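Contents: one structure, followed by commentary.
The values are calculated or read from the model by the stated rules, or taken from the named source; none is laboratory data. What you see is a predicted model; the values in this text were computed from it and never measured. Because the Cβ atoms are built from the backbone with ideal geometry, glycine has one as well, and the counts that use them run over all protein chains shown. Please note that ligands, DNA and RNA were not included when accessible areas were found on the heavy atoms of the full protein model with its side chains. Shrake-Rupley method; radii C 1.70, N 1.55, O 1.52, S 1.80 Å.
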Amino acid sequence: MPSLALPFDDYAKKYETIELQREDGIVQMTVHSGDKSLIWTSLAHDELAYCFSDLANDRENKVVILTGTGENFCAEIDFASFDLSSAQGWDHVIYEGRRLLTNLLEIPVPVMSDVVIASETASFQDGPHFPSGIVPGDGAHIVWPHVLGANRGRYFLLTGQVLDAGTALEYGAVNEVVAPDRLLDRAWEVARSIAEKPLLARRYARQALTLEFKRLVHEGLGYGLTMEALAVLGM
C-alpha cells in the first residue's frame, strides 16, 4: 500500500521558520528568523508542531538533528505575535502547544535532543517565563526538573539562573561540550553512527527511551498551560 505521508521534497520548503535538509536519511532541521537567530513567534510555535508531524510520518527519515541559526537558539520572544488577552487566544496557544511537544515525542526515530551537544560558548536560561512574570507551564515545568533534578530544576525556573556549558554538562543537561566550529560536525558524526543501526532498533529505541517523557507530558502539559493562561489573563 502506498504511503499517504508527504514525501520529503513536498514539506522541506513548506515552512517559513524552519530549513530542512536531508542526506542519507539524516535530517538537519534548522530553526531561524530569516538569516538571524530564531525569534519565538506565534508562527514559529505553530510551524514546529506541523513540521514534527511531517518528519514523524516520513519513514525515509533515520535521525533528526535539531539546531539553530546565528548566535543563539531561541533567546527572544515576540509576545505581540500571540493573542494572550482572551480565552479564545489561549485556546489556540494551548492546542498548538500540546501538539508541539506531543508531535516532537511522536517522531519515531532518534532526535538530537535525545543526545544534546553544546558549544563551549553556550548558555541556558528560561528567561521569557518566570523572570518576566509568566508561569513556566508550557513544558518547561516538566522538562527542566526532569533533566536537572527536582530541586535544581525549580531553582533554575524560579530564579532565571543561567547555566554555562560546563555547568550544564555537570548537571546532565547536555552530553558533550565541543568547540563552536566543531558543533555541527560532531552532531553529524553521532547522527551517522545512529543511522547505521538497524531500522527497527532505531525506531523502537526511540519509543522506549521517550516513554517516560510521554507520560510526564500527558499528565502535566495541559495543566501547566492552563495555569500559565490563568495567570496571564489575571494580570
Taking segment 21-32 and keeping residues surrounded by 18 or more Cβ atoms within 10 Å (Cβ to Cβ) and in contact with a strand residue (DSSP E or B) (Cβ under 6 Å, 6 or more places away or on another chain) leaves ILE26, VAL27, GLN28, MET29, VAL31
Out of curiosity, is LEU148 under 27 Å from ASP78 (Cα atoms) and among the hydrophobic types (A, V, I, L, M, F, W, C)? no
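Among the residues of segment 149-170 satisfying the criterion of being closer than 23 Å to GLY222 by Cβ and touching a helix residue (DSSP H, G or I) at 6+ places or on another chain (Cβ under 8 Å), which is surrounded by the fewest Cβ atoms within 10 Å (Cβ to Cβ)?
LEU158
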Requested in this report: Restrict the check to segment 92-112 and report whether at least one residue is among the small types (Gly, Ala, Ser) and farther than 20 Å from ALA140 by Cβ.
Outcome: no
How many residues of segment 57-100 are assigned to a loop (DSSP other than H, G, I, E, B) and either out of contact with any strand residue (DSSP E or B) (no Cβ under 8 Å at 6 or more places or on another chain) or closer than 26 Å to PRO2 by Cα (or both)? The answer is 13
Within segment 101-148, residues being open to solvent by less than 20 Å² (accessible area, probe 1.4 Å) and assigned to a strand (DSSP E or B) number 3
Exactly one of GLU219, GLU228 is in contact (Cβ under 8 Å) with a residue 24 or more places away in the chain, over 17 Å from THR67 (Cβ atoms) and among the acidic types (Asp, Glu), and that one is GLU228
The residue from TYR11, TYR50 that alone is in contact with a Cys (Cβ under 9 Å, 6 or more places away or on another chain), among the aromatic types (Phe, Trp, Tyr) and closer than 20 Å to LEU105 by Cα is TYR11
Only one of (1) in a helix (DSSP H, G or I); (2) in contact (Cβ under 8 Å) with a residue 12 or more places away in the chain; (3) closer than 25 Å to ARG203 by Cα does not apply to HIS45, and that is (3)
- ARG202 closer than 23 Å to ASP58 by Cα, touching a strand residue (DSSP E or B) at 6+ places or on another chain (Cβ under 9 Å) and charged (D, E, K, R): yes
Checked segment 126-146 for anything β-branched (Val, Ile, Thr) and within 15 Å of ARG215 (Cβ to Cβ); matches are ILE142, VAL143
Checked LEU216, LEU148, LEU211, LEU221 against criteria (at pLDDT 95 or above and in contact with a Phe, Trp or Tyr (Cβ under 7 Å, 6 or more places away or on another chain)); the one match is LEU148
Checked segment 33-81 for anything open to solvent by 40 Å² or more (accessible area, probe 1.4 Å) and either in contact with a Gly (Cβ under 6 Å, 6 or more places away or on another chain) or of a type in the set (Asp, Glu) (or both); matches are ASP35, LYS36, GLU60, LYS62, GLU71, GLU76, ASP78
Flagged in segment 183-206 as more than 14 Å from VAL64 (Cα to Cα) and not in a helix (DSSP H, G or I), in numbering order, are LYS197, PRO198
| message | Among the residues that make up segment 227-235, is at least one of them touching a Pro at 6+ places or on another chain (Cβ under 8 Å), surrounded by 13 or more Cβ atoms within 10 Å (Cβ to Cβ) and over 18 Å from ALA118 (Cα atoms)? | response | yes
